[in-house]
1. Give me the Kirkwood hydrodynamic radius of segment 440-555, using the inverse of the mean 1/r over all pairs of distinct Cα atoms, in Å to one decimal.
2. If I fit a long axis through the Cα atoms of helix 835-854 and take the longest principal axis of the Cα atoms of the chain, what angle between them do I get, 0 to 90°, rounded to 10?
3. Expected output is a single nm value to one decimal: the length gained when fully extending between Arg735 and Asp288, i.e. 0.36 nm times separation in residues minus the C-alpha distance. What is it?
4. Rounded to the nearest 10 degrees, what's the angle between the helix 209-218 long axis and the longest principal axis of the chain, both from Cα atoms, 0 to 90?
5. Note the per residue figure in Å³ for the convex hull of the C-alpha positions in segment 576-796.
6. When averaged across all projection directions, what area in nm² does the alpha-carbon convex hull of segment 803-1054 cover?
7. For Thr771 and Ala196, what is the calculated FRET efficiency with R₀ set at 30 Å and r taken between the beta-carbons, to the nearest 0.05?
8. Run the numbers on the chain and let me know its relative contact order in percent, using alpha-carbon pairs under 8 Å that are six or more apart.
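What follows is calculated from the coordinates using simple rules that are stated; it is not laboratory data. Predicted model only: the values in this text are computed from it and were never measured. Neighbour counts are summed over all protein chains in view; Cβ atoms, including those assigned to glycine, are modelled from backbone coordinates with ideal geometry.
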Amino acid sequence: MAILHGSWQLEDRGGELFVWGETWRRLDAVPSSDGIILSSDDRLCLHPLAMSAAQVMALLRDKLGLASQRSWRSIEKTAILPTMFLETGERVPQHSAAEPEGELIPYPWQVEGICLSAGDALEVLQALPLGTMDAAESFVGADLRFWSHVARWTLDLLVRSKFLPGLEHWDGGSVVAVWQPLLDSATDRDRLTRFAKQMPSASRSYTDTDVFLEFLGSQGEVEDVAESILDFPFPSARSLLRDFLQRTIDAQVRSIIGKEALPKVSAPASQWLKALSSESGTLKPSKDLAVLETAIETWQAPVRSHLSGEAQFRTAFVLEPPANGNGEWLLKFCLQDADQPDFLVDARTIWNHPVDRLVYRGRAIEHPQETLLGGLGLASRLYPAIEPSLQTQRPQRCPLDPIQVYQFLKGVSWRFQDSGLGVILPPGLANYDSATGRLGLSIQAASPAQGGIGLQSLLAFKWELSLGGRRISQAEFRQLITQGSPLVEINGEWVELRPADVRAAEAFFASRQDQMTLSLEDALRLSAGETQTIDKLPVVNFEATGALKELMDTLTGNKSLEAIETPKTFRGELRPYQARGVGWLAFLERWGLGACLADDMGLGKTIELIAFLLHLQEEEKLVDPVLLVCPTSVLGNWEREVKKFGSTLKTLVHHGDKRSKGKALVKAVRDRHLVITSYSLVYRDLKDFKLVQWQGIVLDEAQNIKNPTAKQSQAVREVEANFRIALTGTPVENRLSELWSILDFLNPGYLGTQAFFKRRFALPIEKYGDTTSLQTLRSLVQPFILRRLKTDKDIIQDLPEKQEMTVFCPLSARQALLYQQIVEGSLEAIESADGIQRRGQILALLVKLKQLCNHPELLEAKTAKSKSIEFEKFAQQSGKLQRLEEMLEELLAEGDRALIFTQFAEWGKQLQPYLEKTLNREVLFLYGSTRKEKREEMVDRFQHDPQGPPIMILSIKAGGVGLNLTRANHVFHFDRWWNPAVENQATDRAFRIGQKRNVQVHKFVCTGTLEEKIHDLIESKKALAEQVVGAGEDWLTELDTSQLRNLLLLDRTAVIEEDRSI
């Protein structure tokens, strides 16, 4: 897959956006005769991964739906990019999406791309997706994405009318009418500084090839090109940003006013207006041009420094309160360093030094008096109240009464700042938008001494009024408002009494103070910043005490999770992070809060839940049964894992035609600790489940309720239980609709209705990239989601280098029917045969049954090659395929890669297109008939292409030896060879020298079939089994017919019940 890169380029007559692309390819596939890979230092190499200009244009059309413009022109540029220097002397550029392997050195490469004018650049940049994308799907490089964000800034400048017309002199003597961005406000100056700091280094690494070669030539004898690059005069980040804003603002304004009728004015202003709306903007030389230019310069004088980007000092106003609390306020004049707001030069000092260049405290200030006067003149137009103070010869201050001060704070100070003037306010008034200094409630809360615990539980609390960070009594409040001033002094600090807050406080005292309640949910919202008022009165301070403080500290991450002691009945050993996970579940259960355990696949969520239930049992708190809901494909897995690790938990699997219903179900679960069922049956048997008093309900693979309107999602919400837990391996915090659905199941109503959530969070975050809303949402959900990654430092040290897990999968109804028919028909023939014929029939039967356990279609693969796959029903016919699809979706969401081994090439041919269709990813398939060149290409792509296919299917004979596929950290054995040595050889394609991650090996086994019985035999007598089974399946041919029948007999309880559409 390709990645687009690019940056703004400075040009003599208007800058342009240069865009190029890179795509991974095998370097040895590029003809060396073209000089593409390597070159001596006397000429530049073509970037071996760069796309052609035509390919870049095609990618823009394909991804953004943009038609190529005539103004798009192909061009070659020099790009200074991170490069690996090999021991052979060869240089290889680092792919931008690849992880670096060794030291990288900046080195020049020639790349081909396209140049876009300002207007075309905006169209492209505004069409680029800004939302978070999977790294494997992203086609936008960090450098181009950066300019896409800057392009959004130009829209904000247009909306706020932050632009002015002017004139610009170009080389050759031509004069052009231009529109210029006006970055005079503190907001825009901060943005410019922030963007300049955040600009990727790659954005400044492009230059014209001729210019770069000329530079190299000027260096004389160059021994090291990479070192000489450090002296190349690359443009500064600020100069690139300013030129981009200039050209794009000009293009947008010009296109808008070009459609409007121009006002009638006399020459030369009429020519200027016409030029401002024309495409070229060129002014014809005339004797009046100098007069026009002088008039424009005079008009722009107050803001010229902001237009040129050279404004180091600006006029500022310091609001100083009266010394005795009753006198006049003073608005003092000064100069302020725009980049260091604490550096001030008072007006007295400026008037006492009538110089063009004032050196003050080691800083040089150009034209200080002119700068101060220009700012004062601008301020007087914005705030006429200061005009009388400017009538003196040396204006230094302006007196204000309290009412004028309030007017200044409410309606003037922000206009000053938006116009490039500085404003310095007293501490209590500086954070005008902050709630801390306002009149509001200060609340101290604690958990109730007794009573129910849960999100809606009412807390014991006390409240006090607070103003300016100080608690005040009701009498003090009354005394303050009798002063009749919106500004009051309290504790030596001036604060504002907002009329709305005063009215809310009076109403609160009059009616609600004794009826006020506070729930645990309210407390969580207050701590997250989502709720800021109670009865319209701001909550300016919230403090938790006692057990509630412990809860809040743990939930918000201020207190580390406490590991729980491994239950005595747990048959195994909990890793440290698992013990902490169990402790977290127990902690939330104690408080009656729903919990989402979202650890990475393979970290042991199943074990953690079993240990948690054993903990409740050990504490004698597991009184009623717990309902575990999971996909049908893992019912058998859960039953086995509970027997293996928690044998004291009495378990019932609610599944199959003979399952209990109604009162029989109530009786059947009475003495059980755990009831396991499927999502489809929760919906189908909902009335029966409602008859049972459940202690808890647990959803495994909780992403199954991501659609809140689905019937199974609605059904699980209707099952009442004391606690709720969701288990999922997918990063739910990145999928907002899924996040809401799971959190609403765990803690109903906590995130509001779905419509409210979409309006409050989903739309602002996903469409507009609102980081404030994102942070608030994270603060709200963080307490209820525990997600640990395999790559976390404190996790990876607890993991073994290789984890082997058996995945038990049920048969579909069709598989079970065919299995029984094949076994019964074949045993009759085997019983009447002997010798080699009998051995051959048994081996043929085993192959047929293993094919059937994979998928029924495999039995028909050779006789119906032309039959097309019905994708919609394909997975429903195989329990293994259903489970594989679920696990692949999870590991892809985590950014992992997988190898899938099978004995049957025909199965790989069917599995590949199915996975590509359902997962929307390219899937590689390597088998015996794969040509050598194609085989090498597949391995190279899987190993080295940063955006290459994350899944590779291999036949165990073709891919079991001789390959290095260490980029995979998951290995699936879809069908079993029953020869440990062969399976281990296949696993070692990923688990070998060069592997940097923990490898998870998943061995699929169909329950109730010969696969499960052979697996149990091997596990129970592993040392002996490896000797007996080492030769493969030949040992099975020595069994007599009775033994063979027992081995092949189908257990009907392991069959998937057909799921109806829900």
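1. 15.2 Å
2. So the inclination is approximately 30 degrees.
3. Difference between extended and current length: 154.7 nm.
4. Approximately 70 degrees, to the nearest 10.
5. For segment 576-796, the hull spanned by Cα atoms encloses 122 Å³ per residue.
6. Its Cα hull, projected and averaged over all orientations, spans 14.1 nm².
7. Here the calculated transfer efficiency is 0.95.
8. Worked out over the chain, it gives 8 percent.
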